[in-house]
Amino acid sequence: MASFVIAVNTSYQFVNATSRISGLKDLVSLVLVREYKHVDKTSWADIQVPLVAQIDNQKLANKLNTQYANEGRQLDTEFKQDTKHRTVRQSFSKVYQDQKLVVLKRRITKTAADSLVEDKYTVIDLKHGLVLTLAMLFKNNHYQKLLADFVNKQTQANFKIKAHDIKDNFYINEQGKLVLVFASGLIAPAYLNVQKVVIPIGVIKQDLVSTNYIRK
C-alpha cells in the first residue's frame with residue numbers, strides 16, 4: 001500500500017493505468033498529485049493539487065488535470081509574491097458519484113487581514129464526457145437574472161447580487177436539485193463562510209433545456 005500511494009503521487013501514467021483495474025477504480029478516482037507547502041515565521045501555505053483518473057474519456061481527464069495543475073501553480077505563485085502575513089490552503093474531495101454524474105470539489109481558504117473561503121465545484125457528465133456549465137442547462141441567458149432574483153430574495157439587503165454575478169460555481173446534488181455556491185462575503189457576512197442556495201425546480205423549470213440533470 002505504501003508503494004501504491006507513492007506511485008499515484010508521482011506518476012500520472014501509473015494512476016491512469018491503475019484506474020482501469022477492476023476494484024481500484026474508486027480508490028484512484030481523485031488523488032493528490034502535487035502539494036505546495038511553505039512555512040515561515042508569519043505565513044504558511046498548503047496547496048493540494050488533485051488528479052482525476054477514473055474518467056474513461058482521456059481527453060476530458062487531461063483537460064481537467066491541466067486546469068487543476070495550472071490553478072494550483074497560480075495559487076503558489078501568488079502566495080510567494082505576496083509579502084503580507086497570510087495563509088493559503090487548498091484541499092479537494094469527491095462529493096458524490098452516480099451512474100450519470102460525478103461532482104468534485106476544491107476548497108480554497110485565504111487569510112490575510114480578511115478571510116476568504118471559496119468552494120469550486122466541477123460537475124461531470126460521465127456518459128457524454130463533458131463538464132457541465134449553467135449555460136448548457138438553460139435555453140438562454142435569462143437564467144442569470146432568474147437565479148439572481150431568487151438568490152436576492154433569500155439574502156439580506158446588504159448582500160444583493162446582479163445577473164452577471166451568477167457564475168459557473170454550482171453542483172447538482174444527489175436529489176437532482178440545482179445548488180448555487182457563493183464564496184464567503186458575497187451573499188452573507190463573511191463569518192458565515194461559503195453559502196449554498198438550493199433552487200426549487202418550480203423557479204427554473206420553464207427555462208431548462210430538459211430535466212435530464214435537474215429533476216427536483
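For the reader, a short list of remarks on this structure follows.
- Identity of the residue in the stretch 52-72, modelled with pLDDT of 90 or more and touching a Lys or Arg at 6+ places or on another chain (Cβ under 9 Å), that ends up farthest from Asp40 (Cα to Cα): Tyr68
- Candidates Asp114, Asp98, Asp82, Asp119, filtered to the one that is modelled with pLDDT of 90 or more and acidic (Asp, Glu): Asp119
- Lone qualifier among Leu64, Leu75, Leu60, Leu51 - being surrounded by 12 or more Cβ atoms within 10 Å (Cβ to Cβ), more than 15 Å from Thr109 (Cα to Cα), free of Cβ contacts under 8 Å to residues at least 60 places away in the same chain and within 19 Å of the chain's Cα centre (by Cα): Leu51
- Only one of the numbered conditions (1) touching a strand residue (DSSP E or B) at 6+ places or on another chain (Cβ under 9 Å); (2) open to solvent by 40 Å² or more (accessible area, probe 1.4 Å) is violated by Lys162, and that is (1).
- Of the residues making up the stretch 130-158, those that are under 13 Å from Ile187 (Cα atoms), part of a helix (DSSP H, G or I) and open to solvent by 40 Å² or more (accessible area, probe 1.4 Å) are Asp149, Lys153, Gln154, Ala157, Asn158.
- Complete set of residues in the stretch 166-216 that are hydrophobic (A, V, I, L, M, F, W, C), in a loop (DSSP other than H, G, I, E, B), open to solvent by less than 50 Å² (accessible area, probe 1.4 Å) and without any contact (Cβ under 8 Å) to a residue 60 or more places away in the chain: Ile166, Ile187, Ala188
The values are calculated or read from the model by the stated rules, or taken from the named source; none is laboratory data. Since the model is a prediction, treat every value here as computed from it, not as a measurement. A quick note on method: Cβ atoms are made from the backbone with ideal geometry, for glycine too, and the neighbour counts reach across all protein chains shown. Ligands, DNA and RNA are excluded from the accessible area calculation, which covers all protein heavy atoms including side chains. Shrake-Rupley method; radii C 1.70, N 1.55, O 1.52, S 1.80 Å.
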